[in-house]
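Below: one structure, written as structure tokens.
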Amino acid sequence: MSDGYAPATVRRWDDRREVVLDDGRVVTLGSDVPLEGFRTLAVGQRVRLRMTGEGIDAITWPVD
């Protein structure tokens, strides 16, 4: 995984946190991945995943 951002749509946001990347891959997020600019998320909401070489660093503001 390279540094940058990946647009995604929230698929599930309860005891299991899942998003679908625009390329169709489903990603399950750990509870340790912080929200930046949000208190919570809703199913269907558009977000960006901030990524580093280590993995997903944060869930950031939505894409247009």
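Rounded if a/c is under 1.5, else prolate if a/b is larger than b/c, else oblate: which is the chain, with a ≥ b ≥ c the root eigenvalues of its Cα gyration tensor? The shape class here is rounded.
Suppose a student asked you for the relative contact order of the stretch 1-51, using Cα pairs under 8 Å spaced at least 6 residues apart; what percent would you report? Dividing the mean separation by the residue count of the stretch 1-51 yields 49 percent. Mind checking the chain for trypsin sites (Lys or Arg not before Pro) that DSSP puts in a loop (not H, G, I, E or B) and that have at most 15 other Cβ atoms within 10 Å? Within the chain, the qualifying trypsin sites (Lys or Arg not before Pro) (loop, at most 15 other Cβ atoms within 10 Å) are R16, R25, R39.
Just so you know, all these numbers are worked out from the coordinates, no wet-lab data involved. These figures come from a predicted structure and were not determined experimentally. Here Cβ is always computed from backbone atoms with ideal geometry, including for glycine, and neighbour counts include all displayed protein chains.
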